[in-house]
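All remarks here apply to the structure that follows.
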Amino acid sequence: MSIKDNIDAIKSEIGDATLICVSKYHTDDEIMEAYNSGQRDFGENKVQDMVKKAENLPKDIRWHLIGHLQTNKVKYIIGKTCLIQSVDRVELAELIDKKSENAGIVTDILVQVNSTGIESRFGVEPDKTIEFIKNISGLKNIRIKGLMGMAPICDNPAPYFESLKKLFDECKGQNLLDGDILSMGMSGDYKYAVKCGSNMVRIGSKIFMHSANE
Ligand SMILES: *Cc1c(COP(=O)(O)O)cnc(C)c1O
């Protein structure tokens, strides 16, 4: 299977959900193969990698930052992302807001929820998420487009996706979101995620696997 075949196969399974091609371990050439098959949304988890790839690659690529974002790196990515999917601290949201204001732009973000049920340094705890969003909702230069989360690696990820969907619906019900994005699902579990209401999947290994010998 080529990268294009993999992308086509995944697209046929995810309906209207947006496919983010997670290119974090992959070269510019591999990314171009996905690009040439029509893919435009790409995800990176490191600021330096994203900035470097964005410099070298076509300007109509929409870059998603999906990894942990340190506050000292924010300045490098303002104006360069389509969506920062990993906002999980008030001070991070405030800094993105401030730098965006300085640049005269509004930055689209997702709130990363720690939906794994495992203690983690990353992601807002589910029962703190509504309060978190209320705390940052006054910031004028960020737009909270939705939520991002993951399931743990396990036999049945569906309950984790279902509870994140429920939280997403609660946020929408309270008019806390400026968008409709629920980003959940990776190579191993995206089919469950889409069934549970995901409308954005982030897939890396399943797109790029076996591509080295094609
Ligand atoms: C790496 C990564 C993915 C993609 O993982 P695959 O299993 O390669 O599909 C999705 N989301 C996040 C946040 C990641 O870091």
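The values are calculated or read from the model by the stated rules, or taken from the named source; none is laboratory data. All values derive from a computational prediction rather than experimental measurement. Heads up, the Cβs are rebuilt from the backbone with ideal geometry, glycines too, and the neighbour counts pull from every protein chain shown.
Looking across the stretch 141-178 at every residue that is surrounded by 15 or more Cβ atoms within 10 Å (Cβ to Cβ) and part of a loop (DSSP other than H, G, I, E, B), the one that is nearest to the chain's Cα centre (by Cα) is identified as G149. The set of residues in the stretch 122-140 that are buried (at least 20 other Cβ atoms within 10 Å of the Cβ) and polar (S, T, N, Q) contains only T129.
Restricting attention to the stretch 191-210, and to residues there that are over 23 Å from E33 (Cα atoms) and either within 13 Å of the ligand (Cβ to nearest atom) or of a type in the set (F, W, Y) (or both), which single residue is surrounded by the most Cβ atoms within 10 Å (Cβ to Cβ)? Steps first, please.
Start the filter on the stretch 191-210 by keeping residues that are over 23 Å from E33 (Cα atoms), which leaves 191-199.
This time we only want the ones that are either within 13 Å of the ligand (Cβ to nearest atom) or of a type in the set (F, W, Y) (or both), so: 191-193, 198.
Details: K191: 16, Y192: 19, A193: 29, S198: 27.
Among those residues, the one meeting the criterion is A193.
If you go through the stretch 41-57 and keep only what is away from the ligand (no atom under 16 Å from the Cβ) and touching a residue at least 24 places away in the same chain (Cβ under 8 Å), you end up with V51, A54, N56, L57. Give the stretch 23-55 a look and list any residue that's under 18 Å from S2 (Cα atoms) and small (G, A, S), or say none. Listed by number, the residues that qualify are S23, A34, S37, G38. Just one of the numbered conditions (1) touching a Pro at 6+ places or on another chain (Cβ under 8 Å); (2) within 16 Å of the ligand (Cβ to nearest atom) is not true of G117: (2). Only one of the listed residues (G188, G173, G138) is out of contact with any Phe, Trp or Tyr (no Cβ under 8 Å at 6 or more places or on another chain), within 14 Å of the ligand (Cβ to nearest atom), more than 17 Å from T18 (Cβ to Cβ) and modelled with pLDDT of 95 or more. That residue is G188.
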